[in-house]
Amino acid sequence: MALLLEFIVTLKNTVIDVLPILSIILGFQLLVIRKPIPHIKQVGFGFVYVLIGLSLFLLGLEKALFPLGKMMAEQLTAPEFIHSAEHVLTTIHWSDYKWVYLFAAAIGFSTTIAEPSLIAVAIKAEEVSGGAINANSLRISVAIGVAIGIALGSYRIVVGHPIHYYIIAGYIVVVVQTFYCPKLIVPLAYDSGGVTTSTVTVPLVAALGLGLASTIPGRSPLIDGFGLIAFASLFPIIAVMAYAQLTEIKAHQIEKKMEKRKRIKVNKRKLKQRQKDSIIESQKD
């Protein structure tokens, strides 16, 4: 009964959150464009499905995924886990937190793969590009970027480095990549960095950062605990453009190999033709 009441509350909040979007779309469709909505019944049923699906999704995250993620973050960053039998850390070395980095990378990768907004963007990108951009490859590239970013952000919290050094260096890499990356992928890469910081990723990553900063002496949960989301937004841009650049390099290598094979075939044909011509000339003589 309590679970049903929580679902009703979540559904009510979802309706309140989605209503402004619906009102804007309906307002422009009916008042500005002044055309009726096609397939109104299908649109209505789809809207109901969206509300129910979002509510169940959010309730499932709140009841299962978020508590587990928070518990894992607290346990992995606890001093007694980092240094066995020590409840207060006396010495800090970045290598002692190897399990935290591994967990950060794994949770970043898995939550990004499950991110609904990224799935939607990847599917649309594949449709618009006519299959030139593979949806699964795009999602995996973004997930790898988030995994590296969150692991590096966790390392930054452990060692206590200022966050702006990492972010400035990261965006310098992004700017350089933008000039050399295929123009087709640049806008998509920038969008991919934004869609990762959504419903699934943010709460778990924030819990990890706050848990890590609160258990390390000399770290402030406010100053050091936040900032992991910035890494989760930045590194997917680098990863997607790097994937596009590697794909382009590989395509050029394949083209060169094909051209080389063609040249070898042409040379063989010419050699055979010369041999035939020499045989014919010798026979004439």
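The values are calculated or read from the model by the stated rules, or taken from the named source; none is laboratory data. The structure displayed is predicted, hence computed values, not measured ones. Reconstructed Cβ throughout: ideal geometry from the backbone, glycine too, with neighbour counts over all protein chains shown. For the accessible areas, the whole protein counts, side chains as well, though only heavy atoms, and no ligand, DNA or RNA atoms are used. Shrake-Rupley method; radii C 1.70, N 1.55, O 1.52, S 1.80 Å.
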Query raised in the report: For region 65-83, does any single residue satisfy the condition of being within 24 Å of the chain's Cα centre (by Cα), open to solvent by less than 40 Å² (accessible area, probe 1.4 Å) and among the small types (Gly, Ala, Ser)?
Result: yes
Query raised in the report: Out of (1) surrounded by 20 or more Cβ atoms within 10 Å (Cβ to Cβ); (2) touching a residue at least 24 places away in the same chain (Cβ under 8 Å), what's the single condition that is false for Gly160?
Result: (1)
**Report entry** Residues being within 30 Å of Val100 (Cβ to Cβ) and touching a Phe, Trp or Tyr at 6+ places or on another chain (Cβ under 8 Å) - total across region 219-272
**Finding:** 3
Query - Subset of region 106-161 (residues that are out of contact with any Phe, Trp or Tyr (no Cβ under 7 Å at 6 or more places or on another chain), part of a helix (DSSP H, G or I), closer than 16 Å to Ser198 by Cβ and not hydrophobic (A, V, I, L, M, F, W, C)) - result: Gly108, Ser110, Thr111, Thr112, Pro116, Ser117, Lys124, Arg139
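For every residue, the table says whether it meets (1) free of Cβ contacts under 8 Å to residues at least 60 places away in the same chain; (2) closer than 25 Å to Ser110 by Cβ.
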position	(1), (2)
Pro36	yes, no
Val43	yes, no
Gly53	yes, yes
Leu56	yes, yes
Lys70	no, yes
Report summary line: Being open to solvent by less than 90 Å² (accessible area, probe 1.4 Å), modelled with pLDDT of 80 or more and more than 30 Å from Leu19 (Cα to Cα) narrows Ile113, Ile92, Ile107, Ile52 down to just Ile107
Report summary line: Residue count, region 134-156, condition over 16 Å from Leu204 (Cα atoms) and open to solvent by less than 20 Å² (accessible area, probe 1.4 Å), comes to 6
Report task. Write out, first by first residue and then by second, each pair whose Cβ atoms fall under 8 Å of each other, whose residues are 6+ apart or on separate chains, and whose first residue, in region 167-195, is free of Cβ contacts under 8 Å to residues at least 40 places away in the same chain and of a type in the set (Gly, Ala, Ser) while the second is assigned to a helix (DSSP H, G or I) and surrounded by 13 or more Cβ atoms within 10 Å (Cβ to Cβ). Result -> Gly194/Ser233
